[in-house]
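Okay, so here's the structure we're looking at.
The values are calculated or read from the model by the stated rules, or taken from the named source; none is laboratory data. None of these values were measured; they are calculated from a predicted model. For neighbour counting, all protein chains shown are included, and Cβ atoms are generated from backbone atoms with ideal geometry for every residue, glycine included.
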Amino acid sequence: MSSGLASAVGRDRVDDAVWRRWFALVWPPLLAAVILLTSWEFVVWWFKLPNFVLPGPAEIVATATEEPRRVLIDTWTTVVEALTGYVAGSLLGLGLAIFFVTFGKIERLVLPIYVTINSVPMVAYGPLAIILLGIGSASKIVLITVAVSYQVLINALAGLRSCDPGAIALLRTFGANDRTILLKLRVPGAMPSIMFGLRVAVVHAMILAVVLEMLGARAGLGWSVYKSTQMMYFVEAWVAVGASVIVSLVIYGIVNWIGRKLVWW
């Protein structure tokens, strides 16, 4: 009886600690969002700003609810492009980082070419990609993949090479080969740097997807912004901007949560 009561009390304490931790993480951004939106609405009301200058949050939400299906289609298109390029670029960047650490001579040949390609903003390649791959999603996914892979590659390389030489020498004295050292020492030690690169890259993936869609697309949030501004439907453009901000924050939160689980130390 007493042991069951003690275990129940222990579970309650654990649940209470988990709830407090989540509350501490969630309430600051929620409070900041409430303050921002309230101040925004007040400024629009106080100065009586027309919606082509700055619409209020209430008007933006009302416009979004008029045609929710169109907003969802544009949002889904952009999310698919950004996430596909993000996943492909992350895998490519991690693979190249491991490959370069294993074969250093190839790195000296390939990495300068990779740096040269990424020294120019990916948006500058947008028209060329549309000519080569068409106006659909393929051109956006390819450029997002290249940009994300470079960011992940640089951070992963820094992490993989930050291992203590003494620890590597110690493992070799116990007969560890390069593969064992990579899996048991380098990769775990590089996880903080890798997750940092993944967090930065996910934001850039969404930004690049929206901007590339503004250069030419059949659907997407960026295309909605461009089309709305050309037709002078400025509130609809703000709807697309708001949707892209919300999606970016959600995806970033998911990646950050995964990072906390993987890099728990």
Name the one entry in Ser39, Ser90 that is small (Gly, Ala, Ser), assigned by TED's automatic domain parsing to the domain that holds Val255 and modelled with pLDDT of 90 or more.
Ser90
Inside segment 78-187, counting only helices (runs of 4 or more DSSP H) that do not spill past its ends, which hold 2 or more residues that are under 30 Å from Gly220 (Cα atoms)?
104-118, 126-133, 137-160
If you go through segment 24-66 one residue at a time, how many are closer than 25 Å to Ala219 by Cα, among the charged types (D, E, K, R) and surrounded by 13 or more Cβ atoms within 10 Å (Cβ to Cβ)?
1
Condition first: under 21 Å from the mean Cα position of the chain (by Cα), surrounded by 13 or more Cβ atoms within 10 Å (Cβ to Cβ) and either more than 25 Å from Val225 (Cβ to Cβ) or at pLDDT 95 or above (or both). Can you find one or more residues in segment 97-106 that meet it?
yes
Of these, Val202, Val187, which one is in contact (Cβ under 8 Å) with a residue 12 or more places away in the chain and more than 20 Å from Cys163 (Cα to Cα)?
Val202
With the condition kept exactly as written, say whether any residue in segment 152-167 is under 17 Å from Leu83 (Cβ atoms) and at pLDDT 95 or above.
yes
Is it the case that segment 67-83 has a residue that's over 23 Å from the mean Cα position of the chain (by Cα), at pLDDT below 90, surrounded by 12 or more Cβ atoms within 10 Å (Cβ to Cβ) and farther than 23 Å from Leu212 by Cα?
yes
Evaluate segment 254-264: report whether one residue or more is out of contact with any strand residue (DSSP E or B) (no Cβ under 8 Å at 6 or more places or on another chain) and under 30 Å from Ile135 (Cα atoms).
yes
